[in-house]
Amino acid sequence: MANKKSRGNGTGSVYREGKKWTATITLGYYLDKDGKMKRKVKRKKGFRTKTDAVNYLPVLRAEIDKPQKRTIEELWQYWSANGMLKLSEKTQKRMRTAYSKIAELRFTDINDLTVSRMQEVLSNHAETYTPAKDIRTLFHHLFSCAMADKIATSDLSVHLVLPENNETRPDPFTADEVERLWADWDDGNIFTGFALVMIYTGMMPGEVMRLTKKHIDLDARVIYGAGLKTDKRRSAPVVLSDTIVPVFRQLIDAADGEKLWSKSESKFRSCFDEMLKRTGCRPTLKPYSCRHTTATALAELDTEINTIKEVMRHSNIETTAKYVHIAPQSVSEAVNSIAPLLHPDTPKTLM
């Protein structure tokens, strides 16, 4: 490897091999299996003259700096085997369904995607809000992977437009229905404890299903590390009331292993439906109804909205507001209560 000539940092070098010249650029360094430092290079051989080799260095550098290609399929394979596993079983299933809907883009390089092409696929395969949102969420995760590896420079999913959200919110449990759950718990139905936990803590179903004994500190009345989906829920502790602590004690004692719920998500939902039937609660109630019950009950107790936001571990009040279900008569009473405050002589018939 005689006559090697170094140039400025990053510009590369050329050297002579026999009668031909080689252009080379250093990509980096690594340790081989024997622990020796080795240089990783990209080279182009076979130039007739030194000048030809030198003139090719900018071309070689451009080939290195050219954005790498990565197909949607490759990004999906990586994310589904890594990042997706942090999501709940239900959300993973929804992401797999979303991926099946964008199958026509599988072998498209992510840098060749356009907003119009993505919007076309989304609109063709998702006519309602939730599946469309799942597709947008999937695109977001794939772009995030590409950006982390410096393959893509921006997340185009933020520009996708979703159909109008006409889906109804889960109804909260009524006070009478919550009393029925307590009676069912007192009768020894251990699963009902999970519903009560969600109602009295505001925890998501997925969070309850992943709870381990290590997450729970009953002496301090808090749960740490069980949050899902957002940084706020992952970092904020779940505060436990004295009322729900005895339920946690029994759930911990009844657990077969470290996890309080050791069965599948589908089993959790079927047990929830059986509980509704057994207690005479409305069959339309969902596991998420428990979380809506938490926010609504706090609002009915005139709890300040920012406090409800912290209990729910929401990042913004707009999200909290979606969980509060106020009866029409409550709104009417609230509006009428303004009159005597502003005009003390207002007749009581207007109140």
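Read-outs: derived from the displayed coordinates by stated rules, not from any lab. This structure is a prediction, so every number in the text was calculated from the model and none was measured. Here Cβ is always computed from backbone atoms with ideal geometry, including for glycine, and neighbour counts include all displayed protein chains.
The table that follows gives values for the structure above.
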read-out: Approximate spin-label separation residue 269-residue 288, in nm, with each point projected 7 Å along Cα-to-Cβ; value: 1.2
read-out: Theoretical FRET efficiency, 1/(1+(r/R0)^6), r = Cβ-Cβ of residue 127 and residue 153, R0 25 Å, to 0.05; value: 0.20
read-out: Nonlocal amide H pairs with residue 222, under 5 Å, H built at 1.01 Å; value: 217, 240
read-out: Euclidean distance between Cα centres, the range 85-107 to the range 290-323, Å; value: 30
read-out: Inter-label distance, nm, simple model (7 Å from Cα along the C-beta direction), residue 20/residue 214; value: 5.8
read-out: Estimated distance in nm for a label pair at residue 232 and residue 85, the labels positioned 7 Å out from Cα along Cα-to-Cβ; value: 3.0
read-out: Rounded if a/c under 1.5, otherwise prolate or oblate - the range 13-65, Cα gyration tensor axes; value: oblate
read-out: Of 90/263; 133/322; 277/322; 229/309; 44/69; 232/259, those spanning more than 19 Å from alpha-carbon to alpha-carbon; value: 277/322; 44/69; 232/259
read-out: Semi-axis lengths, Å, the range 175-330, gyration tensor of Cα atoms, sqrt of 5 times eigenvalues; value: 23, 20, 14
read-out: Estimated vicinal HN-Hα couplings, Hz - the range 196-213 in sequence order (Karplus 6.51, -1.76, 1.60; Gly, Pro = x); value: 5, 4, 5, 5, 8, 10, x, 6, 6, x, x, 5, 5, 5, 9, 4, 10, 4
read-out: Extension reserve of the residue 51-residue 301 stretch, reckoned as 0.36 nm per residue once the Cα distance is removed; value: 81.7 nm
